[in-house]
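Visitor: What follows is a structure written as structure tokens; I'll ask about it next.
We did not get these values from a lab; they are worked out from the coordinates using the rules stated. Worth saying up front: this structure is predicted, and the values here are computed from it rather than measured. So basically every Cβ, Gly included, is an ideal-geometry build from the backbone, and we count neighbours across all protein chains shown.
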Amino acid sequence: MPAEKHREETLGDDVVRQRLEEADIRVNAERLQILGRLMSNPGQACTAQELYPRGVEESNAAAVSRVYRTLHLLEKKKVIERRVRQVRGRPVFSYVYGAQSAPSRIRFQCRSCGASVVAEDVELREQVAKVGADQGLPVASKEDIVVWIACNRCSAGAPD
């Protein structure tokens, strides 16, 4: 079924189309739908499964793959933000539009498995940014600071 036939009502296509064009992303029906759903709920995170086109079976590997490719492209172009949280010890990725206006954060990320935790501590972020600036490595105001670590699970399996 073509994407246009099962698109649910979201933000006006012209607004979404303009945002895609501003990010220099080629416009197609699926990108309009995915970004439209995220833009309709700014600041609210959605998982990729929640963004599957209505009427498409999850077992349709091509459709699932297109959703993930679209999300990756939107994230790469800084149109959306990917967030990671732990659910029953496993990382769950969600995507959000409109978080760019929020101040950047400090993210602790495991070098081995990629698990990450976000520190929502503004004072700590400012102190780390000041140290970076004092050392000649200024941090952009909207850029997250990433601290690479080894998580407990990966450290337990690592030889001393």
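Visitor: Sort 76-89, 124-137 for me by packing, meaning the mean count of neighbouring Cβ atoms within 10 Å per residue, highest on top. Before the final figure, lay out each step's value.
Guide: Working: 76-89: 13.6, 124-137: 12.1.
The packing order, highest mean first, is 76-89, 124-137.
Visitor: If you stretched the chain out fully between Gln86 and Tyr68, how much longer would it get, using 0.36 nm times the residue separation minus the C-alpha to C-alpha distance?
Guide: On the way: separation 18, 0.36 × 18 = 6.48 nm, distance 1.94 nm.
This chain segment gains 4.5 nm when fully extended.
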